[in-house]
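Peer 1: Please find one structure pasted underneath; my questions will follow.
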Amino acid sequence: MTYLKLEVTMEKSVVLVIGFWLLLLGNGVQSHRQDKKHQSLPRDQPYRTGYHFQPPKNWMNATSGPMYYKGVYHLFYQYNPYAAVWGNITWAHSISYDLVNWINLDIALSPGDPFDINGCWSGSTTFLSGEKPVILYTGSDTMNRQVQNLAEPKNLSDPLLREWVKSSHNPLMSPVDGIDPKNFRDPTTAWQGPDGLWRVLVGNEMDGHGRALLYRSQDFITWSQSKEPIHSSTRTGMWECPDFYPVSIDGKNGVETSSLDKFTKHVLKASFDNSDHYVLGNYTAVTDNFLVDTDFLDNGSDLRYDYGNFYASKTFFDSGKKRRILWGWILESDNTTDDVKKGWSGLQSIPRTILLSKTGKQLIQWPLEEFEKQRIIKVSFENKELKGGSVLEVSGITASQADVEVSFSLSSLKEAELMDPSWVDPKLLCSQKTASVRSNVGPFGILVLASKDLTEQTAIFFRVFRSKDNYVVLMCSDQSRSSVEEGPQKTIYGAFIDIDPLNEKISLRSLIDHSIVESFGGGGRACITARVYPKLAIDNQAYLYAFNNGTLDVNIPTLNAWSMKNAQIVSSTKRRKPNLN
């Protein structure tokens, strides 16, 4: 039986809003609402997001040092306070109760000292004994060398941590002993070993090969470099924004960074080639030996957080809810001229939880549950048959700002296209077999940010291939028809998903927010993020469709779609005493 349900959900968010305001007023802060169409920006802003985090204007890039402190989430990020292009890099600072609604505070770190005069670049936060948070960050010094610096809160009793003081010992780590001063940056969150020493990794490149340098310290001030990096690769270049953390083998909760629990694996992430790649392995804390299961790009392995537009990410351990959370920087895919015209560039991904899969071979990511509270109007289908070559409109929601969950089942795979052994690159395969190229089983999926006549569309879809021993599921995000404009990049992305389509449904969740589409295939086993800039399919002229362009029918057991309400993002200024004169 097929039927349509339409629901309107009223969320009780008054308590959260009041709590936010009480937190601000109680700490001497006044707030000012920033609507989607911010006063200082041009009026026409069809690509500005509704529920993703982004500053009110100007340039942003990598997440730096997210953390949870005394009931408050803190997000630091690379920011140019003067323009929508890279430069004058500072640490901007925002806080939240729920990782959805945000208060923008004053800038935490600005260039101005010899050790960071040319920029306060990426880094991390670490909790020292007594739950004291500190920042390690890369500074570009007077000679444009990259050095590692320390900053501490000025007032630990302030839960907002509005003021930070740079250490008089800076720089703590400098590029000596042959380290390239241009490729020595992005310190990780530090962790403590069984000997009580602190460890931290710094990204580096030596002789064209990426590596993570290991440093140790007793007091977090004086650091000594290990003779060997914790890991390196001859297959990659410079490792930016490395991350190193444990994940639980049972997959139930996140794990604190310094955990020595034997029932864990460790993740080493490195940002290179415009993507965030990771490896899994076993870390021996006594010897600081990290033995990887399969190395970066080795034997066809290509584990990534996201196979689309997603870079320079950072995780942190949320001690309040016992979970590890991932943030990623989502770049623009238009050009600098467009960025300057619209007055901003860059945004943050939806924060995601990270767990180890049941197989232990990869990570599983999923949007934070808090974002489900942003759902307001719901449309649902059940048991809908999609004939070959058909398109089905999903109406009744705001398609330009939506959350979609859908599953697909296949009755027969005997006629699936034979998998060519040379098809090892999913991105290339998706580029060759776009949404308009028909086969037996697929493409099937959804068309988002589509115009009514489908002139513009971004297709997120699947194909199933048959090999000798099993079936191969390909997930694609096809931006080739995302805009009638010629300027924006329209890269097509792809990933293979570890799914057995004979015994499980193929699931997809896509978060759509005006110019960004974040898609999670197979319950988070593959993630693809895309930036798109439609000319026709904007705001209430955007439409959502389910489609099947294969020759064989596909069943949709369930489809649920919601309109998403705006996140509340406000700016704050310190409350000044009144002038009584």
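Peer 1: Regarding ILE117, is this residue over 27 Å from THR49 (Cα atoms), hydrophobic (A, V, I, L, M, F, W, C) and at pLDDT 95 or above?
Peer 2: yes
Peer 1: Mind checking which strands (runs of 3 or more DSSP E) fall wholly inside the stretch 256-356 and carry at least 1 residues that are free of Cβ contacts under 8 Å to residues at least 40 places away in the same chain and open to solvent by 10 Å² or more (accessible area, probe 1.4 Å)?
Peer 2: Of the strands (runs of 3 or more DSSP E) lying wholly inside the stretch 256-356, those with at least 1 residues that are free of Cβ contacts under 8 Å to residues at least 40 places away in the same chain and open to solvent by 10 Å² or more (accessible area, probe 1.4 Å) span 264-272, 275-284, 289-292.
Peer 1: Would you tally the residues in the stretch 473-489 being closer than 17 Å to ASP334 by Cβ and in contact with an Asp or Glu (Cβ under 9 Å, 6 or more places away or on another chain)?
Peer 2: Residues in the stretch 473-489 being closer than 17 Å to ASP334 by Cβ and in contact with an Asp or Glu (Cβ under 9 Å, 6 or more places away or on another chain): 8 in total.
Peer 1: Also, I was wondering about something else. Yes or no: ARG216 in the same structural domain as LEU326 (by the TED database), within 27 Å of LEU297 (Cα to Cα) and in a strand (DSSP E or B)?
Peer 2: Spelling it out, it is not the case that ARG216 is in the same structural domain as LEU326 (by the TED database), within 27 Å of LEU297 (Cα to Cα) and in a strand (DSSP E or B).
Peer 1: Only one of ASP98, ASP113 is closer than 25 Å to ILE569 by Cα and touching a residue at least 40 places away in the same chain (Cβ under 8 Å); which?
Peer 2: ASP98
Peer 1: OK, next. Show the residue pairs that are 6+ apart or on different chains and have beta-carbon atoms under 8 Å apart, the first residue being within the stretch 548-561 and of a type in the set (Gly, Ala, Ser), the second being surrounded by fewer than 19 Cβ atoms within 10 Å (Cβ to Cβ) and in a strand (DSSP E or B).
Peer 2: Every condition considered, the pairs that remain are ALA561/LYS378; ALA561/SER380; ALA561/GLU405.
Peer 1: Name the pairs: first residue in the stretch 209-225 and at positive phi, second residue part of a strand (DSSP E or B) and surrounded by fewer than 16 Cβ atoms within 10 Å (Cβ to Cβ), Cβ to Cβ under 7 Å, at least 6 apart or on different chains?
Peer 2: Partner pairs satisfying both residue conditions: PHE220/LEU128.
Peer 1: Which of the residues spanning the stretch 36-95 are part of a loop (DSSP other than H, G, I, E, B), free of Cβ contacts under 8 Å to residues at least 60 places away in the same chain and assigned by the TED database to the domain that holds TRP327?
Peer 2: Scanning the stretch 36-95 gives PRO81, TYR82, TRP86, GLY87, ASN88, ILE89.
Peer 1: Return yes or no: is GLY178 small (Gly, Ala, Ser), closer than 24 Å to THR257 by Cα and part of a loop (DSSP other than H, G, I, E, B)?
Peer 2: No; evaluated as a whole, the condition is false for this residue.
Peer 1: Out of all the residues in the stretch 508-516, is one or more assigned by the TED database to the domain that holds GLU382, more than 30 Å from TRP102 (Cα to Cα) and of a type in the set (A, V, I, L, M)?
Peer 2: No, the conditions are met nowhere in the stretch 508-516.
Peer 1: What's the total number of residues in the stretch 33-81 that are of a type in the set (Phe, Trp, Tyr) and either open to solvent by 20 Å² or more (accessible area, probe 1.4 Å) or modelled with pLDDT under 95 (or both)?
Peer 2: Residues meeting the conditions: 4.
Peer 1: Consider only pairs whose beta carbons are under 9 Å apart and that are at least six residues apart or on different chains; among these, list those whose first residue lies in the stretch 363-387 and is of a type in the set (Lys, Arg) and whose second residue is outside any strand (DSSP E or B) and at pLDDT 95 or above.
Peer 2: These pairs meet every condition: LYS373/ASP98; LYS373/VAL100; LYS373/LYS565; ARG375/LYS565; LYS378/GLY396; LYS378/ILE397; LYS387/ASP553.
For (1) open to solvent by less than 10 Å² (accessible area, probe 1.4 Å); (2) in contact with a helix residue (DSSP H, G or I) (Cβ under 9 Å, 6 or more places away or on another chain); (3) within 27 Å of ARG352 (Cα to Cα), each residue gets a yes or a no:
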site	(1), (2), (3)
TRP86	no, no, yes
GLY119	yes, no, no
GLY130	no, no, no
VAL134	yes, no, yes
VAL165	no, no, no
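Peer 1: Restricting to the stretch 360-389, give me the number of residues that are out of contact with any Asp or Glu (no Cβ under 9 Å at 6 or more places or on another chain) and among the polar types (S, T, N, Q).
Peer 2: 1
Peer 1: Just checking: which of the strands (runs of 3 or more DSSP E) contained wholly in the stretch 372-490 hold 1 or more residues that are closer than 21 Å to TYR47 by Cα, hydrophobic (A, V, I, L, M, F, W, C) and open to solvent by less than 10 Å² (accessible area, probe 1.4 Å)?
Peer 2: Counting at least 1 such residues, we get 401-408, 444-450, 458-466.
The values are calculated or read from the model by the stated rules, or taken from the named source; none is laboratory data. Nothing here was measured: the structure is a model prediction, and the numbers come from that model. Here Cβ is always computed from backbone atoms with ideal geometry, including for glycine, and neighbour counts include all displayed protein chains. For accessibility, only protein heavy atoms count, side chains too; no ligands or nucleic acids. Shrake-Rupley method; radii C 1.70, N 1.55, O 1.52, S 1.80 Å.
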